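Only the coordinates and a few stated rules stand behind these numbers; no lab work does. Quantities reported herein were computed from a predicted structural model and do not represent experimental measurements. Positions of Cβ are backbone-derived with ideal geometry, glycine not excepted, and every protein chain shown enters the neighbour counts.
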C-alpha cells in the first residue's frame, strides 16, 4: 500500500511539473528568437522555379542559441490571398548542401492542435510550441507541403543557403532531390525558443554585407555566423542568440528606418543591436554625412526607448568597387569618425566596432585587403567575414543589462489643443498581449474618455471607449484591454470631437502587463495632442 501511494505521489508530481512547464508556452515573455530573416516580397526573378501549390519545399537554417522547446513562425505578409500549409515538419539536417535529414529527429508541426493552417494575406502565424532538442550552431530543416498559395511569395532572397523543392507531398523523405534548388528562403520567418529565464539576442542590422553576400553557399560563413561561434565559446555569453537582419541592397535612410521596428525592435529577446549600415546610402543616394548620422540617431533613440543597447559598426572600405569616388570616400570617413567619436550621452552609439580598421589595406586605406575581397571590391569573402569578427573584441558588452530611463527619451512637442494626452512607453506591447490600465483623477463632469494604443505611425491598435458619465470630483477607473497589434504609445483623449479633455485632470496612470509595469506622470511625461 505504501509503495502504491509513493508511486501515485511521484506520478502526480511529474504531471504537475509538466503542466507548469507547458503553461509557460503561452507566456510571450519566455520566448527568444534563435533564427530569423528579414521578410520582403520576392521579385519575379526570385520566385520559386515551380509553383508552391500542392508541392513541397525543404529549407535549411543555421541555429545560433540552443533550446528544448520551440515554435516556428510562418508568413504571408506580402501575399494577396490565403496561403495554405497542409503539413510541415522539422528535423536535424545531416550534411551541408545535401537536403538530407536525420529521420530519427523528424517532428511534425501542429497549429492550434491541427496539422494544417491557412495564413490570410498580410498575416503571420506560429506553430504550436513543442519539445525539440535544438543544438547551438547546428542546422535544421523545415519542410512544408502547401495547398493553395498566392501569386506573391513572401520570403528572403539571397540566403546563401540552398532550399530544395519537389512536386507533391515529399516532406517526410530522407533526402530531397537537388534537381530544383534555390538560394532563397520562402514563407519561413523565424524560430523561437521558450525558456525561463528568457535568453537574450543580438540583432545584426544592415545590408548585403550583414546578409553575407560574397560568402560561400551552404558554409554558414557570414560574419554573423562567426560572431555566434565567438559568443558561444565564451562561457558568459554562450547562451546569447545572434539574429541576422540584413537585406541585400538596403539603404539605411530609406529601407532601414522603415523596417527597424518590425525587423529589430519587435524581435523576441532583442537586447543588443549591431548596426552596419550606410554604404548604399553613400553610393546609391549620394547621402550626406548629416543625413546618415541623423538616421543613426533615430535608431539609437528608439533602441534606448525600448531599453536596448545599440552598437555601431564602421563602414568597410570599397575603393575597388565601381561607385567609389574620392568625394564618397570623404563621406565614408566622416561617417566613421562620427561613429567612433560621438559619445552615447551626445546621441551616439553605446559602443562601436571598427570593422574598417581591420579590413582596410594599410597601403591603400580606401580598399579592402585583397585576401579578404570576394572579388567585387566591396563584399568580403568567407575568410574576410571570419576576420571581421576580430573587431568585436569586447564581449563584456554583451554581459551587461540595459537600464535606460525612458523619461530621457520622451519627445517634446508644442501644446496646441488639449484633445488628448499621449505617452511613449518604454516597452513594446505586443499583438494579443493583455494589459491592465488604472486611471485616477478629478473632473468637473464628463461623458467619458477614450483609451487607445498606437504605434509610431499613429496606427490605432486598440480602442476602449468609456461612455459612462464620470461624476464631479475624484474618480478612479480600471479596465483590461487586449492589444490588437504591436504598440508603444497610450493615448487618453476626449471621447468625441466636440468635448474637450480639459475638464478631466489626470493624476495617476498605471499600465501593467505580465512583464512590465509603467506608472506615468501626466504633468511631466505626457505629450498633449
Exercise for the section: Can you work out the PRE-style zone for residue 456? Point 7 Å along Cα to Cβ, and I want the residues of segment 294-336 with backbone N under 12 Å. Expected result: 295-306
Handout entry: Proxy reagent accessibility, fewest Cβ within 10 Å first, across 263, 350, 27
Key = 27, 350, 263
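Work out how much length residue 112 to residue 234 would gain on full extension: take 0.36 nm times their residue separation and subtract the Cα-Cα distance, in nm to one decimal.
Stretched out fully, the residue 112 to residue 234 stretch lengthens by 40.1 nm.
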Practice task
Would you please put 274-280, 137-143 in order of how densely packed they are, using the mean number of other Cβ atoms within 10 angstrom per residue and starting with the highest?
Solution key: 274-280, 137-143
Completion exercise
The simple spin-label model distance between residue 476 and residue 343, using points 7 Å out along Cα→Cβ, in nm, is 4.5 nm
Handout entry: Estimated Rh, segment 27-198: Kirkwood, alpha-carbon pairs, angstrom
Key = 15.8 Å
Practice task
Take the Cα atoms of segment 200-404, find their three principal axes, and give me the spread along each one in whole Å, biggest first.
Solution key: 42, 37, 27
Practice task
Would you mind calculating the relative contact order of segment 200-404 from Cα pairs under 8 angstrom and at least 6 residues apart, reporting the percent as a whole number?
Solution key: 24 percent
Practice task
Using 0.36 nm per residue of separation minus the Cα-Cα distance, give me the extension gain between residue 44 and residue 105 in nm, one decimal.
Solution key: 18.4 nm
Problem - Sorted peptide list for 80-88, 202-210, criterion being average Cβ within 10 angstrom, highest first - result: 202-210, 80-88
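Place the peptides 316-323, 112-119 in order of packing, highest mean first, counting for every residue the other Cβ atoms within 10 Å and averaging per peptide. Please report the intermediate quantities before stating the final value.
On the way: 316-323: 19.0, 112-119: 13.2.
Averaged packing, sorted descending, gives the order 316-323, 112-119.
Once the Cβ-Cβ distance between residue 390 and residue 180 is put in as r, and R0 is 35 Å, what FRET efficiency do you end up with, to the nearest 0.05?
Numbers: r = 39 Å, r/R0 = 1.11.
Efficiency at R0 = 35 Å is approximately 0.35.
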Exercise for the section: Hey, for a label at residue 53 modelled as a point 7 Å past Cα toward Cβ, could you say which residues of segment 77-93 have their backbone N under 16 Å away? Expected result: 79-86
